[in-house]
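The values are calculated or read from the model by the stated rules, or taken from the named source; none is laboratory data. Bear in mind that the values here come from a model prediction, so they are computed numbers and not experimental data. Cβ coordinates were reconstructed from backbone atoms using ideal geometry, including for glycine residues, and neighbour counts include every protein chain displayed. Note: areas computed on protein heavy atoms with side chains; ligands, DNA, RNA excluded. Shrake-Rupley method; radii C 1.70, N 1.55, O 1.52, S 1.80 Å.
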Amino acid sequence: MASQDRQGKSYLSLCAIYRDEARYMREWLEFHRLFGVERFFLYDNRSSDAHREVLAPYIEDGIVELTDWPAFPAQGKAYRHCLQQHWDESRWIGFIDLDEFLYSPTGRPLPELLADFEQFPGVAVNRASYGSSGHETAAEGLVIENYTRRAEDQADVNKFVKSIVDPYRAVGCWNDKNPHCFVYSEGFAVNEQKRPIDKFPFGRIQPISFSLFRVNHYWTKSEQEWRAKAAIPMASNGLMRAPEIGEDLNAIEDDSMAGYVPALREALDRMEARSPSAALLEAGVEGGAGE
């Protein structure tokens, strides 16, 4: 139904709201392009770093559409705006943050897997939440290389999901302060096992499963970066984060992203000539608009 209406448009896009994430933007964009994301609908929530310079070549190529979004709290309303403006431009839109990496542990492109879920209005994806991995300050190199310690699979923090939705049937977030689940004009989202998420709370599901779809949530990065992030109210609801990094976030070693590093570095090298120098990204330490 909806896929025929949008024939010729993108199959998978991502929407995200951010503040001061220039340091990590290019890695985030190129990683998701490797897994089949074609377009990005980004919302700038009062950034003061070099994010526009980083995004310039992507905007020029039509890969990124950037919207200034100074409202606060901002996340739920930005998501609703994305659905209203872009519902007919993409078969699926995933709603995640700049500290979250959506992919399939199978290594297969996300569109290839999502084609088998088209009868459903949305797919809820569990997160694997990562801690500081022992880094006191921002580490050089790739996020997926530097942060390899995370919470155990069935840890309570991993119950939270992020959503990939059919914008034709998605109305908006459950409420403007909850970015984890959506309301649909028909039916319910399902998990990766195609089981409907039809019982409250819709934004948290157990048992936790991320063998087909997974979001790596690099929640804290370094201790210094987490302190800066915790000092800023969350864009979703205006509340403050707890300043401490729970020990459970560094519970186990997980280097499963290592296999994607060579392809990601090649993609980043291809963009290097069109992107700003590392010096322009130094203002990216205090990021964290999303939840």
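Data table
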quantity: Residue count for segment 238-267, restricted to those that are assigned to a loop (DSSP other than H, G, I, E, B) and either open to solvent by less than 60 Å² (accessible area, probe 1.4 Å) or among the small types (Gly, Ala, Ser) (or both); calculated: 9
quantity: Test: Ser277 is closer than 19 Å to Ile17 by Cβ and modelled with pLDDT under 95; calculated: no
quantity: Output for segment 49-69, where each listed residue is assigned to a loop (DSSP other than H, G, I, E, B) and either at pLDDT below 95 or open to solvent by less than 30 Å² (accessible area, probe 1.4 Å) (or both); calculated: Asp49, Ala50, Ile63
quantity: Count - residues of segment 79-112 that are of a type outside the set (Asp, Glu), closer than 25 Å to Met257 by Cα and open to solvent by less than 10 Å² (accessible area, probe 1.4 Å); calculated: 11
quantity: Residue satisfying all of: in segment 136-160; of a type in the set (Asp, Glu) and out of contact with any Phe, Trp or Tyr (no Cβ under 9 Å at 6 or more places or on another chain); farthest from Pro201 (Cα to Cα) among these; calculated: Glu140
quantity: Restricting segment 179-223 to residues that are charged (D, E, K, R) and in contact with a Ser or Thr (Cβ under 8 Å, 6 or more places away or on another chain), the residue that is nearest to Pro121 (Cα to Cα); calculated: Glu192
quantity: Yes/no for Ser48 being touching a strand residue (DSSP E or B) at 6+ places or on another chain (Cβ under 9 Å) and in contact (Cβ under 8 Å) with a residue 40 or more places away in the chain; calculated: no
quantity: Among residues of segment 28-48, those that are closer than 24 Å to Ala170 by Cα, open to solvent by 10 Å² or more (accessible area, probe 1.4 Å) and in a helix (DSSP H, G or I), counted; calculated: 1
quantity: Subset of segment 152-185 [at pLDDT below 90 and among the aromatic types (Phe, Trp, Tyr)]; calculated: Trp174
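Here is a yes/no grid of residues against (1) closer than 15 Å to Phe182 by Cβ; (2) touching a Pro at 6+ places or on another chain (Cβ under 7 Å):
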{"site": "Asp61", "(1), (2)": "no, no"}
{"site": "Thr67", "(1), (2)": "no, no"}
{"site": "Ala74", "(1), (2)": "no, no"}
{"site": "Lys77", "(1), (2)": "yes, no"}
{"site": "Cys82", "(1), (2)": "yes, no"}
{"site": "Asp88", "(1), (2)": "no, no"}
{"site": "Trp92", "(1), (2)": "yes, no"}
{"site": "Phe95", "(1), (2)": "yes, yes"}
{"site": "Asp99", "(1), (2)": "no, no"}
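Let's see how each residue does on (1) under 17 Å from the mean Cα position of the chain (by Cα); (2) hydrophobic (A, V, I, L, M, F, W, C):
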residue	(1), (2)
Phe35	yes, yes
Arg39	yes, no
Ile59	no, yes
Arg80	yes, no
Phe120	no, yes
Arg127	yes, no
